[in-house]
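Notes follow the structure.
The values are calculated or read from the model by the stated rules, or taken from the named source; none is laboratory data. From a predicted model like this one, the values you see are computed outputs, not experimental measurements. Please note: Cβ atoms are built from the backbone with ideal geometry, for glycine as well, and neighbour counts cover all protein chains shown. For accessibility, only protein heavy atoms count, side chains too; no ligands or nucleic acids. Shrake-Rupley method; radii C 1.70, N 1.55, O 1.52, S 1.80 Å.
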Amino acid sequence: MAKQAPRNTREEILELSVPLFATTGFDGVSMRDIAAAVGVTPAALYHHFSDKEQLYLNAVGYAFEERMGPLKALLDAGGNPWDRLASFVVQFTRMLAKEENFRRLIQWVLLDNDEQRLQSLADEVFRDLFHALRHLAGEVAPGQDPQPLVISVIGLVIYPFETQSVRRFLPGYQRQHEDPEVIARHVIDLLRNGLGGSNEEKSQ
């Protein structure tokens, strides 16, 4: 029989904090709310985290590492850069389709207007993955500015999920457009061939 992990550990607090921050963002959650969800007193919560700011940064970092850490390994692996980028897009899309709380958490991060908090997230959470993506972008498209290219790759994958609620009411919608494999294939085709690529090129 597997040994049960101890309750009320720092990791458990982070895990249980993620859906709370994903639901209402940083401003909508109090330390008392989190303590109640975890099943500890607020004082016990402050034993692990100095304030809500630290807990939030650590919760986003924990969620990001748990979901995106394995994807970074795809970027760092050797081999054909286009194959590595395609693998990243596929796995990233599948993960977003599965992890609703993570998607919502990232949306709240993107809506945050606290520059100091965003700077901390950029430095402590997002920098390593972004650096790996910039390096791969330089291999895939040496003549392109890698920073906007990386933003475009991330945006192409995330935006279909951000617009799920309204896309089904727009002309041309098909249920298959919700399939993460269809989304990933569409993104990869765009990246390989660009919007000006011919149908013949896209089929190769």
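Between Lys72 and Leu110, what length in nm is gained on full extension when 0.36 nm per residue of separation is reduced by their alpha carbon distance? Please report the intermediate quantities before stating the final value.
Values: separation 38, 0.36 × 38 = 13.68 nm, distance 2.05 nm.
Here the segment from Lys72 to Leu110 would lengthen by 11.6 nm.
Take the Cα of Arg192, step 7 Å toward its Cβ, do the same at Glu11, and the gap between the two points is 3.9 nm.
Please state the shape class of the range 95-204: rounded when a/c is under 1.5, otherwise prolate if a/b exceeds b/c and oblate if not, all from the C-alpha gyration tensor.
oblate
Derived value for the range 50-150: Kirkwood hydrodynamic radius 14.7 Å. Basis is the mean of 1/r over every pair of different alpha-carbon atoms.
Starting from the Cα-Cα distance between Phe126 and Gln176, subtract it from 0.36 nm times their residue separation and give me the gain in nm to one decimal.
In short, 14.9 nm is gained.
In this simple spin-label model, placing a label point 7 Å from the Cα along the Cα-to-Cβ direction at both Lys98 and Tyr159 gives a separation of 2.6 nm. Working ranking of peptides 165-176, 27-38, 10-21, 53-64 by packing, defined as the average number of other Cβ atoms within 10 Å per residue, highest first, is 53-64, 10-21, 27-38, 165-176. Per residue, the chain exposes 60 Å² of accessible surface when a 1.4 Å probe is rolled over the protein heavy atoms with every protein chain present. Between beta-carbons, use under 13 Å as the cut-off and find the net charge around Leu75, counting Lys and Arg +1, Asp and Glu -1. Surrounding charge for Leu75 is -1. Expressed as a whole percent, the accessible surface of the range 57-96 that belongs to carbon and sulfur atoms is 52, based on a 1.4 Å probe.
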